[in-house]
1. Can you tell me how many residues within region 102-127 are loosely packed, with under 15 Cβ neighbours inside 10 Å and part of a strand (DSSP E or B)?
2. With the requirement that a residue be part of a helix (DSSP H, G or I) and aliphatic (A, V, I, L, M), what does region 68-101 give you?
3. Counting only residues that are in a helix (DSSP H, G or I) and β-branched (Val, Ile, Thr), which one in region 17-63 is farthest from GLU2 (Cα to Cα)?
4. Any chance region 16-38 includes a residue that's surrounded by fewer than 17 Cβ atoms within 10 Å (Cβ to Cβ), touching a residue at least 40 places away in the same chain (Cβ under 8 Å) and within 19 Å of ILE122 (Cβ to Cβ)?
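Rule-based calculations on the coordinates, nothing more; no lab input. It should be emphasised that the depicted structure is a prediction, and the values quoted were computed from it without experimental measurement. With ideal geometry, Cβ positions are generated from the backbone for all residues, glycine too; neighbour counts draw on all protein chains shown.
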Amino acid sequence: MEKIVIEPTLETPKVVLDSESSIIEISGNSLPEDVHSFYSPIISWLDEYKIQPNHRTEVVFNFEYYNTSSSKMILRILEKFREIHRKGFDVEVQWHYMEDDEDMIEAGEDYSENIKVPFKFISHPRN
């Protein structure tokens, strides 16, 4: 599968979709004007990836901020990994957050409870 790298902007996150390294990463801010056009290529790539996923996949979310429409797309992405996990493949979601960002911690916990794949919560100090 072709590796996809989308560089971040002020409104869109950095995205790395790399089947060779088994790492999927989305980080930064997510408040695109048209959430569907931004996330559609990511969803399509994941639909292809889940057909023949690697034995182990690491999914890294490191958001500074995301809006409500992005949260729905994050859920759709996580649902793809739930499907992979249910097929017996190893999936680990790494949810990064600033140590004092209660909203981001709570969001990660909510996703973890709903998706039921292994989540690792990683706290970072504020600079």
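1. Of the residues in that region, 5 qualify.
2. Once the filter is applied, which keeps residues that are part of a helix (DSSP H, G or I) and aliphatic (A, V, I, L, M), region 68-101 yields MET73, ILE74, LEU75, ILE77, LEU78, ILE84.
3. VAL35
4. Scanning region 16-38 turns up at least one residue that is surrounded by fewer than 17 Cβ atoms within 10 Å (Cβ to Cβ), touching a residue at least 40 places away in the same chain (Cβ under 8 Å) and within 19 Å of ILE122 (Cβ to Cβ).
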